[in-house]
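Peer 1: Here it is: the structure, laid out below.
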C-alpha cells in the first residue's frame, strides 16, 4: 500500500474511521485540535456523527450516550481536557460502556504549556477518574503505531465493554510522518447489541445502562473488574525489547521518549556502551515481566527516560526491580523537548557517576 | 544520508507549509522524512519553527538537538535559532529581512535577499521557495526535482503561470546555493 | 363484569413508587408514562435519567434507560439521539441537576436544537441530598444551606429556566405548568404529550417545566406544600406556554 505523509492527529482520525468509529464528540484544545477538525468533515462522509461539544465534560457524556446505543464512539483531548473528562471516564467504566479516548499530552500540571510532554502517566494508569477503576492504556511511539493502535482500540473496548485510552503526546499529534493506512473494517448492519438501549425490532422489556448499583451488586462488579485486570496482565501486554541480550544498562521509555532514547542507545552502542531498552506499548497492563525477569547479575542499572519531570513511571519500574539494581531517571518538561544528544549525554553521565561511585 | 533542516520565520511567512511540502516531496520521492512543527501561542507574527528530517534510512528520533541546516526567514528567527545550528552547519539567511552581524565563525553562510529576488521574479510570496531552493543547492540534501514535482502538484489548479513562478523561484535559489557550495 | 376505566400506565412497572408520600414526582412520572402509552411509542423511547430523587425512577420505568452523571443528561441524550434518530429520547431532571450543575448542558442542547424532550421538575430544593438550597429556591425560603431563608444579597435570585431557554432560537416548545390542581394537571398532561409528539414529528427541542412540591424538605404536610406552591412558587414562576413553534411548522 502506498505510503502517505500525514499529521499525527489527522492520521489517528482516519485510523478511527477505518476502525469503525462512527461518533466523535470533542472540544478544541492544543495540541490535538486537528483531530476534531479532521473528523468534523470526515465522519459525515461515512454517515457518522461529529459534534463539537460545549465543553470537555459534555463531550465525554455525549460519548457515554452514544456508547449506550452500541455506536463505536470516541473523544479526544489533551491533558487539562482529560482531567475534565475524568468524571465521564469513570462513569463509562462503571456503566460498562466501550469507548476510545485519545490524550495528546501537553505540559502540566495546570494549564501547563501547549507544547508536547508526557506528564499524564499516573493519571492514565492509576486514577483516570474516581472509584479505583482501570482501563487499558496504549502508548504509541510513532504515527504508524498510533494509527495501528487506534484502529484496534475499538475491538478492545467492545471486548471488555470498557473505555480504552490511547496516550499520545504533542509531538506525535502535530508532527508529520510516513504512514500506511489499514483497510476499512466491515461493520455489522446494526449497532444494537444484546445490552444496548434503543429498539432493535424485537420486543423489549427495558434495558438499563447505569453507573449506579445497589451495594452488593457494586462489589460484585468490582470483583469482576479485578479479574479482568488480571486477564489483561496475562494476555494483553505489549512491549518492545531492544538490545537487551548483553545490556548492562536498561532504559525504560514509552512514546516519543523511546524514539529519542533509541537514537541515544544506538549512538552509545557505537561507543561500546552496553545499553538496551524496554518500551512499554501498553502502559496498563504494564510489562512487569520484562523488567522483573532481567538478568540482574548483568544489569548495573535502569534509567527511566520521560518527557516529564519527575519521571512518573519510576515507581512501577522500582516495583519490579525490587532493589536488585539502582533506578535512575532523566527527563525534560514544561515545553522543553527531549533530544537525542542531550539524552545520550545524560545517560553517559548517569553511567559514569554510577561507575565512579561503585 | 540524513539531513536535518530547521526553518524559522514569523507565523504567516509560509515557513511551516514550505517545510511540510519539502518533507512530503521527499517521501513521495522514496526517501524517509519527518516534519515537526513548534508553534508559539500566537497564530501570526512571532518566531515559529519547524524541523524537517530527510533521510535514506528510517528516522528513529525526530528530535535532534542540533540541526544541519537553518533557513532564517527573518531577524527574529535568526536570533532565536542560530544557536541550534551545529558546528559546520549551513545557514541560509534572508538578507532582505535579517541584517545583523553574524558572530559565529564555525558555520557556512549563504545570504540571499530573497524578498527582493521574489519581487523581481513576480511575487513577494515566493521568497520562501527561493530560500529553500538555495538550501537544496547549498546542502545537496535532496534532488530539487522532487520538490518541484510536489510544487507542480500543489499549484496545478492555480494555473501554469503560478507553477512556472514557483519553478523559477526554486531554481533561482538552487543556482545561488550551488554556486555558494562550489565557492 | 365491571369495566376497568383506570389503570397504571403499562410503561411503568406494577410497583409502588419510593418517592415520599405526597411528593409530586410520582404524579409527574405518571403523566409522562400515560402520554407515552397514549402515543403508543413505549418501545421506541429511551429515557435518560438524571442524578437526584428521580434517579430512583430506574426501578419503576419499563423503558430503555440510561442513567447519566449529575447535570449531564442533555449531553447524554444528545449522544443517544444522534446515534438513534429513530428513538424518542427524553430526560427528566430536577432543579439542582438541570439549573445548577447542568446549566451548560441543557442550554447548549437547547441551542443546538437537539431533537430531544427535557422535562424539568422544579421543587425549589435538592431533595435527595437533604434539602439544600437550589438555584430555584425562593427568596426567603429556608433550606439546610440557608437556614434563615434565601438571601438574594449573597445567593442571587431563583433562576427562571423557561425564560432563559425561550430566548434561544432553536427550541420549538417551551412551557411551564404546575401540578397543584386537577385543572392544571390536565394542562400539564397536554403539554407533556405535545413535547413528546414534537419529537415524533421531528420538530426539535422541547422543554417542559413542571412546578412540584417537596413536602419532606419543605417541612410541610402535602396539603400545606400545595398551598405554599400556590401562594409563592407559582407567583414567582408564571405558568404559561412561552414558545410554541409547532403551529407554524404545521402550516
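The values are calculated or read from the model by the stated rules, or taken from the named source; none is laboratory data. As the structure is a computational prediction, the values presented were derived from the model and not from experiment. Please note: Cβ atoms are built from the backbone with ideal geometry, for glycine as well, and neighbour counts cover all protein chains shown.
Peer 1: Looking at (1) more than 18 Å from residue A:192 (Cα to Cα); (2) surrounded by fewer than 24 Cβ atoms within 10 Å (Cβ to Cβ), which is the only condition residue C:85 fails?
Peer 2: (1)
Peer 1: So if I check each of C:222, C:215, C:238, which one is surrounded by fewer than 18 Cβ atoms within 10 Å (Cβ to Cβ), farther than 17 Å from residue C:113 by Cβ, touching a residue at least 12 places away in the same chain (Cβ under 8 Å) and in contact with a helix residue (DSSP H, G or I) (Cβ under 6 Å, 6 or more places away or on another chain)?
Peer 2: Exactly one residue qualifies, and that residue is C:222.
Peer 1: Oh, and also: For region A:1-27, how many residues meet the condition of being closer than 21 Å to residue C:114 by Cα and either more than 11 Å from every other protein chain (Cβ to nearest Cβ) or in a strand (DSSP E or B) (or both)? Spell out the reasoning first.
Peer 2: The initial filter retains those residues of region A:1-27 that are closer than 21 Å to residue C:114 by Cα, namely A:22-27.
Those still in the list that are either more than 11 Å from every other protein chain (Cβ to nearest Cβ) or in a strand (DSSP E or B) (or both) too: A:23-27.
Counting residues in region A:1-27 that are closer than 21 Å to residue C:114 by Cα and either more than 11 Å from every other protein chain (Cβ to nearest Cβ) or in a strand (DSSP E or B) (or both) gives 5.
Peer 1: Another one. Of the residues C:21, C:10, which single one is modelled with pLDDT under 95, more than 7 Å from chain A (Cβ to nearest Cβ) and either over 20 Å from residue A:198 (Cβ atoms) or out of contact with any helix residue (DSSP H, G or I) (no Cβ under 9 Å at 6 or more places or on another chain) (or both)?
Peer 2: Result of the check over C:21, C:10: C:21.
Peer 1: Output the residues belonging to region C:55-80 that are in a helix (DSSP H, G or I) and more than 8 Å from chain A (Cβ to nearest Cβ). Break it down into steps so the answer makes sense when it comes.
Peer 2: The initial filter retains those residues of region C:55-80 that are in a helix (DSSP H, G or I), namely C:55-59, C:73-80.
Passing the criteria: C:56, C:57, C:59, C:73, C:74.
Peer 1: List the helices (runs of 4 or more DSSP H) that sit entirely inside region B:119-183 and contain at least 3 residues that are more than 27 Å from residue B:2 (Cα to Cα) and without any contact (Cβ under 8 Å) to a residue 60 or more places away in the chain.
Peer 2: Values: elements: B:127-139, B:144-155, B:160-182.
Because the criterion is at least 3 residues that are more than 27 Å from residue B:2 (Cα to Cα) and without any contact (Cβ under 8 Å) to a residue 60 or more places away in the chain, the helices (runs of 4 or more DSSP H) in region B:119-183 that meet it are B:160-182.
Peer 1: Mind checking whether some residue in region B:75-90 is surrounded by fewer than 21 Cβ atoms within 10 Å (Cβ to Cβ), in contact with a strand residue (DSSP E or B) (Cβ under 9 Å, 6 or more places away or on another chain) and part of a loop (DSSP other than H, G, I, E, B)?
Peer 2: Checked region B:75-90: no residue is surrounded by fewer than 21 Cβ atoms within 10 Å (Cβ to Cβ), in contact with a strand residue (DSSP E or B) (Cβ under 9 Å, 6 or more places away or on another chain) and part of a loop (DSSP other than H, G, I, E, B).
Peer 1: Among the numbered criteria (1) under 24 Å from the mean Cα position of the chain (by Cα); (2) farther than 30 Å from residue A:123 by Cα, which single criterion is violated by residue A:167?
Peer 2: Unmet condition: (2).
Peer 1: Restricting to region A:79-126, what's the tally of residues that are in a loop (DSSP other than H, G, I, E, B) and in contact (Cβ under 8 Å) with a residue 12 or more places away in the chain?
Peer 2: Here the count works out to 12.
Peer 1: Quick check on this structure: which one of A:59, A:66 is assigned to a helix (DSSP H, G or I), surrounded by 24 or more Cβ atoms within 10 Å (Cβ to Cβ), within 12 Å of chain C (Cβ to nearest Cβ) and out of contact with any helix residue (DSSP H, G or I) (no Cβ under 6 Å at 6 or more places or on another chain)?
Peer 2: A:59
Peer 1: Also: Out of A:276, A:323, A:301, A:335, I need the residue that is surrounded by fewer than 17 Cβ atoms within 10 Å (Cβ to Cβ) and away from every other protein chain (no Cβ under 14 Å). Which one?
Peer 2: So the residue among A:276, A:323, A:301, A:335 that is surrounded by fewer than 17 Cβ atoms within 10 Å (Cβ to Cβ) and away from every other protein chain (no Cβ under 14 Å) is A:323.
Peer 1: Test residue C:168 against the stated conditions and say whether it is touching a strand residue (DSSP E or B) at 6+ places or on another chain (Cβ under 6 Å), outside any helix (DSSP H, G or I) and under 24 Å from residue C:134 (Cα atoms).
Peer 2: Judged against the criteria, residue C:168 is not a match.
Peer 1: State the number of residues belonging to region B:57-80 that are more than 14 Å from every other protein chain (Cβ to nearest Cβ) and touching a residue at least 60 places away in the same chain (Cβ under 8 Å). Break it down stepwise before answering.
Peer 2: Filtering region B:57-80 down to residues more than 14 Å from every other protein chain (Cβ to nearest Cβ) leaves B:69-80.
Retained after the next criterion (residues that are touching a residue at least 60 places away in the same chain (Cβ under 8 Å)): B:69-74, B:76-78, B:80.
Within region B:57-80, residues that are more than 14 Å from every other protein chain (Cβ to nearest Cβ) and touching a residue at least 60 places away in the same chain (Cβ under 8 Å) number 10.
Peer 1: Does residue C:46 meet the test of being more than 8 Å from chain A (Cβ to nearest Cβ) and either under 23 Å from residue C:217 (Cβ atoms) or modelled with pLDDT of 95 or more (or both)?
Peer 2: For residue C:46, the condition - more than 8 Å from chain A (Cβ to nearest Cβ) and either under 23 Å from residue C:217 (Cβ atoms) or modelled with pLDDT of 95 or more (or both) - is not met.
Peer 1: A follow-up question, please. Out of B:30, B:46, B:12, I need the residue that is within 21 Å of residue B:133 (Cα to Cα), more than 11 Å from chain A (Cβ to nearest Cβ) and at pLDDT below 95. Which one? Don't jump to the end; show me each part of the working.
Peer 2: On the way: B:30 fails: more than 11 Å from chain A (Cβ to nearest Cβ); B:46 fails: within 21 Å of residue B:133 (Cα to Cα).
Of the residues listed, the single one that is within 21 Å of residue B:133 (Cα to Cα), more than 11 Å from chain A (Cβ to nearest Cβ) and at pLDDT below 95 is B:12.
Peer 1: Given (1) surrounded by 12 or more Cβ atoms within 10 Å (Cβ to Cβ); (2) without any contact (Cβ under 8 Å) to a residue 12 or more places away in the chain; (3) not assigned by TED's automatic domain parsing to the domain that holds residue A:338, where does residue A:266 come up short, assuming only one miss?
Peer 2: (3)
Peer 1: Could you give me the residue pairs with C-beta distances under 6 Å whose first residue belongs to region C:87-100 and is within 14 Å of another protein chain (Cβ to nearest Cβ) and on the phi < 0 side of the Ramachandran plot, whose second residue is assigned to a helix (DSSP H, G or I) and surrounded by fewer than 24 Cβ atoms within 10 Å (Cβ to Cβ) wherever it lies, and which are 6+ apart or on separate chains?
Peer 2: C:87/C:44; C:88/C:44
Peer 1: Let me ask another. Tell me which residues, restricted to region A:226-260, are in contact (Cβ under 8 Å) with a residue 40 or more places away in the chain, surrounded by 14 or more Cβ atoms within 10 Å (Cβ to Cβ) and more than 19 Å from the chain's Cα centre (by Cα). Working first, answer last.
Peer 2: So the first thing to find is which residues in region A:226-260 are in contact (Cβ under 8 Å) with a residue 40 or more places away in the chain, and the list is A:228-229, A:232-233, A:236-241, A:244, A:246-260.
Now drop any that are not surrounded by 14 or more Cβ atoms within 10 Å (Cβ to Cβ), which leaves A:228-229, A:232-233, A:236-241, A:244, A:247-260.
Correct list: A:244, A:247, A:248, A:249, A:250, A:251.
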